[in-house]
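One structure is given here, and the rest of the page talks about it.
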Amino acid sequence: MYISTRAAFVRSTVVAAANGAITLALLLIAPLGLAAVITKNPGSKAPSF
């Protein structure tokens, strides 16, 4: 099954936008999770910055 050039462009654009949104969400959430682990560990003797 062949699709038109415009349909291929639209499909590629939508897939790229979805991948970008997922990547952005992961990059924004990961540092917050790391900060929570570092600061909310009551049994740790590590210094808090």
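The set of residues in segment 3-36 that are loosely packed, with under 10 Cβ neighbours inside 10 Å and assigned to a helix (DSSP H, G or I) comprises Thr5, Arg6, Leu26, Leu27, Leu28, Pro31, Leu32, Gly33.
Taking residues in segment 1-30 that are at pLDDT 95 or above, and partners anywhere that are surrounded by 10 or more Cβ atoms within 10 Å (Cβ to Cβ) and not in a helix (DSSP H, G or I), the pairs with Cβ atoms closer than 8 Å and at least 6 places apart or on different chains are Arg11/Ile3.
The values are calculated or read from the model by the stated rules, or taken from the named source; none is laboratory data. Keep in mind that this is a model prediction, so the values were computed, not measured. Neighbour counts are summed over all protein chains in view; Cβ atoms, including those assigned to glycine, are modelled from backbone coordinates with ideal geometry.
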